[in-house]
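No lab work stands behind these numbers, since they all come straight from the coordinates. Being a predicted model, the structure only gives us computed values, none of them experimental. Glycine gets a Cβ as well: all are built from the backbone with ideal geometry, and neighbour counts include every protein chain shown.
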Amino acid sequence: MVPLEGRTALVTGGKRRVGLAIANALREAGAHVIATSSQDADLSTRDGVESLLVSLPRIDLLVSSAASFTNEKLGDVTFDSFDETFALNVRAPFFLAQRLGLQMKANGFGRIVSMADIAATLPFPGYLPYSMSKAAIVTMTKGLAKALAPNVLVNAVAPGPVLLPEDFDATERAAAVEPTVLKRPGTPEEVARTIVFLMQSDYITGVTLPVDGGRLLR
């Protein structure tokens, strides 16, 4: 197990919901955590990504958790809404991993974990651009793992029904949870502990690890 004490972590989207749990878990593991929100840096824009990068100290651990999760019927998807989803969900994680990952490789150590989703494998029709963006994260993870080896380990997690959308009614919540084998939603802390595990691992790279209560088994 690789100790995280003294390491510096960047967690995008790290001030609320699952991202906050990730930031807290990394702090408990001994890392110094820089957590961002959209108020700190708008990562859906080039300027937001570049301004964040120039403001950072040396980063040893990167978690890309910030994402757009927009419910759109197929006929309502526009060029603009599609681009906005991919800008935050794919472009920002890629360029953060590119710049920081190459620095990590030069420094001789690094860990990158990105947030995928079971939607990468089981696309949600009402969230199709989102699902496509998470499939891109899976491919990105494999490619970065090869490009940044052996000094930098790159993985992703794929949560299932964890912190369901606040506007879901009881029927929608039941429909999300019922297909899981464990018959319950996951917690942000379960996702966070999985990310800490991957950060501490010294022999896992290029993997997208489901944290889904067995949803992908169905």
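What to note about this one:
- Dipole moment magnitude, nearest 20 debye, the chain about Cα centre, only Lys, Arg, Asp, Glu C-beta charged: 740 debye
- Less than 5 angstrom separates the built amide H of T208 from those of A156, all sequence-distant by 5 or more or on a different chain.
- Per residue, the average separation of C-alpha pairs within less than 8 Å and at least 6 apart gives region 1-123 a relative contact order of 27 percent.
- Percent RCO, i.e. relative contact order, over region 8-210, from Cα pairs under 8 Å lying at least 6 residues apart: 23 percent
- Theoretical ellipticity at 222 nm over the chain - DSSP helices of four or more residues, -39500 (n - 2.57) apiece, nearest 500: -12500 deg cm²/dmol
- Of the DSSP H helices in the chain, those whose Cα atoms cover at least 27 Å axially and whose Kyte score averages -1.0 or more: 128-148
- Amide H partners (placed H, <5 Å) of V162, local residues excluded: G186
- Computed over the Cα atoms of the chain, pair by distinct pair, the Kirkwood hydrodynamic radius stands at 17.4 angstrom.
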